Amino acid sequence: MADLVLQLSRVAYERCGRRLLDGVGLSLRAGEAAALVGANGAGKTTLLRAAAGLLPATTGDITATGLDPRTAAPAAAARRRIYAEQHPSCAWDQTVAELGALGSRPAAWKDWAGRLALTDLAERPLASLSGGERQAAHLARLFASLEEPYGALLLLDEPTAALDRGRRETVHAAVRAWAQAGAAVLVATHDEAWARAFPRVIALEEGRLIADGPPAAVFTAGLVRAVWAGSPA
Amino acid sequence: MRLGRGALIAGTAALGLLAAGALACGTAGGGFGEGGALALLRFPRVAAAIAAGAALGLGGATQQGLFRNPLADPGLTGVFGGALLGLAVLLGGAPGFAWAHAWSLPAAAFAGALGVSGLLVLLGREGPPARLLLTGLGLNAFAAAGTLLIANLAPESRELLLNGSFGDWLGMASPELIIRPVLICAGAGAALLTLARPLDLLALGEEAAQTAGCDLRRLRRRAIVLTALAAAAATCLVGQMAFVGLLAPHLARALVGPRHGLVLPLSAVLGAALLLTADTLGRAALPGTPLSAAAVMALLGAPLFVWIARRHHG
């Protein structure tokens, strides 16, 4: 189907004898945003990394923006896909603006730096920032690198975990806007309220896909217990 | 404060002045001599110091960028040691062949440097940064011991190899000896400059660089082969030389920030300036008691390095 941006079929991945992904199948169309939920160790990050082509040993079929990311040339695969790591890092003593200049478009970076409240921090070294400010700086760089949202794929691994409320709401709005502009967005998150705001929620448990649908159908009492065990549901 | 392109222009101009000074300085009489005769005699040595220094600076900057490690330097990670071991094997085993075929010297040094680089990547890349350095230090010690062993077994090459171990080969510079290594330094250096963008992306980590479009395998392959080539050619010119590859990139980053588009060329300019200064001071500062460029480099470089380390991490 022309609109299909991400398609996974029977995707499996094993490491150190442990099955981290077990026969996962899902597809995302252009304009679709989905939250990926699951307890720690359920396979959310592994699924996003597999979709980003970072796990060459993954078995099964993966198509992202028309390419198999495991075998496609990195430059071709990166053209229409961004992947936000859970714990981004940066070597050397870079400033926020220097990080922003890595692979992003300058005008777009200025815009995102403004939206994520980074303009006043632009000349500060990353090492002098808080964890949340650093996460925002990495997101601004990534968001500013995407040229054409229609048909693009955004794989975001807990992008708001360290952010304050203002920046969190900016990212929430950005995800909605990307989807409205025709991108497919898959976001791993532990933020239950945010996950409930997505039109579609995909739940993982021990590497298997256990639920996929609108939040009202997916968020059953059993799933909430399984995913947010220990947290007040 | 970061200086940008101005630092590169100023550095290149300063290198030109240093070169003119080096051509004019000497124990065999100061100045350029009658019709530039003295300068002409000193020219191969000055050219060799500039080419080797630039290659060492670029090699250090590339290795630091590739391994995301500020202490990675071909001098510490054994790549220069491997180059010298390659030369020792050739000069110890087949000295007649080596001197009859001048190309075989850089070729042997390249084989040694590439061998050590391959082992370094194979054994030390994964895991914490300390593993890479410890692996490199081990390889370096092994290569140095191998060179000494060969020097002891091959009396006709013994003095030459010992001088190489002490970074004291610049004094032998002659047009015939330096032409090939200087050309290799220039070629490998120019090719290394093209790695600026992927090295910038690699600062984000391997996975982020790959998902941003960096072809890691290609980058690694090119960086390792070209660094080995630059290290081999530099070793043919000066012998073992510590600190230049470590210091030049640190100074460059302190001046212009972390972008490799500026760090790489500035590391080359600063590496050339450092080695040329060390060599000129060593041969001209104390008439009658010349000091090897490596010794002067260590005397000047060690305190400078401690200062940089304190400034950045204090």
Can you name the condition, by its number, that B:Val89 falls short on among (1) under 17 Å from the mean Cα position of the chain (by Cα); (2) of a type in the set (A, V, I, L, M, F, W, C); (3) modelled with pLDDT of 90 or more?
-> (1)
Among (1) part of a helix (DSSP H, G or I); (2) within 13 Å of chain A (Cβ to nearest Cβ); (3) within 21 Å of A:Pro74 (Cα to Cα), where does B:Arg221 come up short?
-> (2)
Collect the residues in region B:96-116 that are modelled with pLDDT under 90, part of a helix (DSSP H, G or I) and in contact with a Leu (Cβ under 9 Å, 6 or more places away or on another chain), keeping them in residue-number order.
-> B:Ala98, B:Trp99
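If I go through region B:153-208 residue by residue, how many of them are out of contact with any Phe, Trp or Tyr (no Cβ under 7 Å at 6 or more places or on another chain), within 14 Å of chain A (Cβ to nearest Cβ) and surrounded by fewer than 22 Cβ atoms within 10 Å (Cβ to Cβ)? First the steps, then the outcome.
Step one: filter region B:153-208 for residues out of contact with any Phe, Trp or Tyr (no Cβ under 7 Å at 6 or more places or on another chain), giving B:153-162, B:164-179, B:181-202, B:204-208.
Okay, now just the ones that are also within 14 Å of chain A (Cβ to nearest Cβ), so B:196-202, B:204-208.
Still in the running and surrounded by fewer than 22 Cβ atoms within 10 Å (Cβ to Cβ): B:196-197, B:205-207.
The qualifying residues number 5.
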For region A:100-123, how many residues are in a loop (DSSP other than H, G, I, E, B) and away from every other protein chain (no Cβ under 14 Å)?
-> 3
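Within the bounds of region A:88-95, is there any residue that is more than 14 Å from the chain's Cα centre (by Cα), β-branched (Val, Ile, Thr) and away from chain B (no Cβ under 12 Å)?
First, the residues of region A:88-95 that are more than 14 Å from the chain's Cα centre (by Cα): A:89-95.
Now restrict to residues that are β-branched (Val, Ile, Thr): A:95.
From what's left, away from chain B (no Cβ under 12 Å): none.
Looking through region A:88-95, none of the residues is more than 14 Å from the chain's Cα centre (by Cα), β-branched (Val, Ile, Thr) and away from chain B (no Cβ under 12 Å).
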Residue under evaluation B:Pro70, criteria (1) assigned to a loop (DSSP other than H, G, I, E, B); (2) out of contact with any helix residue (DSSP H, G or I) (no Cβ under 9 Å at 6 or more places or on another chain); (3) not charged (D, E, K, R), criterion not met = (2)
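Restricting to region A:70-87, name every residue that is surrounded by 15 or more Cβ atoms within 10 Å (Cβ to Cβ), hydrophobic (A, V, I, L, M, F, W, C) and at the interface with chain B (Cβ under 7 Å from one of its Cβ atoms).
First pass over region A:70-87, keeping only residues surrounded by 15 or more Cβ atoms within 10 Å (Cβ to Cβ): A:70, A:72, A:74, A:77-86.
Then drop every residue that is not hydrophobic (A, V, I, L, M, F, W, C), which leaves A:72, A:77-78, A:82, A:84.
The one that is surrounded by 15 or more Cβ atoms within 10 Å (Cβ to Cβ), hydrophobic (A, V, I, L, M, F, W, C) and at the interface with chain B (Cβ under 7 Å from one of its Cβ atoms): A:Ala78.
Let's see how each residue does on (1) of a type in the set (S, T, N, Q); (2) buried (at least 22 other Cβ atoms within 10 Å of the Cβ):
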| residue | (1), (2) |
| --- | --- |
| B:Pro70 | no, no |
| B:Val79 | no, yes |
| B:Gly96 | no, no |
| B:His101 | no, no |
| B:Ser117 | yes, yes |
| B:Leu139 | no, yes |
Across region A:8-50, the tally of residues that are within 21 Å of A:Ala174 (Cα to Cα), within 14 Å of another protein chain (Cβ to nearest Cβ) and either in contact with a helix residue (DSSP H, G or I) (Cβ under 6 Å, 6 or more places away or on another chain) or buried (at least 24 other Cβ atoms within 10 Å of the Cβ) (or both) stands at 0
Result of the Cβ filter at 8 Å on region B:64-86, keeping first residues that are over 17 Å from B:Leu123 (Cα atoms) and at pLDDT 90 or above and partners that are surrounded by 24 or more Cβ atoms within 10 Å (Cβ to Cβ) and aromatic (Phe, Trp, Tyr), at least 6 apart or interchain, is B:Ala83/B:Phe110; B:Gly86/B:Phe110
From A:Ala97, A:Ala91, A:Ala137, A:Ala72, grab the single residue that is in contact with a Gly (Cβ under 9 Å, 6 or more places away or on another chain), in a helix (DSSP H, G or I) and small (Gly, Ala, Ser).
-> A:Ala137
Out of A:Leu129, A:Leu154, A:Leu139, A:Leu67, which single residue is more than 10 Å from every other protein chain (Cβ to nearest Cβ), closer than 20 Å to B:Gly205 by Cβ and surrounded by fewer than 21 Cβ atoms within 10 Å (Cβ to Cβ)?
-> A:Leu129
Among the residues of region A:157-190, how many are buried (at least 18 other Cβ atoms within 10 Å of the Cβ), assigned to a loop (DSSP other than H, G, I, E, B) and either over 13 Å from the mean Cα position of the chain (by Cα) or touching a residue at least 60 places away in the same chain (Cβ under 8 Å) (or both)?
-> 5
B:Thr280 hydroxyl-bearing (Ser, Thr, Tyr), under 24 Å from B:Ala88 (Cβ atoms) and buried (at least 21 other Cβ atoms within 10 Å of the Cβ) = no
Run down B:Leu41, B:Leu58 and say which single residue is hydrophobic (A, V, I, L, M, F, W, C), under 13 Å from the mean Cα position of the chain (by Cα) and either away from every other protein chain (no Cβ under 14 Å) or not in a helix (DSSP H, G or I) (or both).
-> B:Leu58
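The values are calculated or read from the model by the stated rules, or taken from the named source; none is laboratory data. As the structure is a computational prediction, the values presented were derived from the model and not from experiment. Methodologically, a virtual Cβ is constructed for each residue, glycine included, from the backbone with ideal geometry; neighbour enumeration extends over all protein chains shown.
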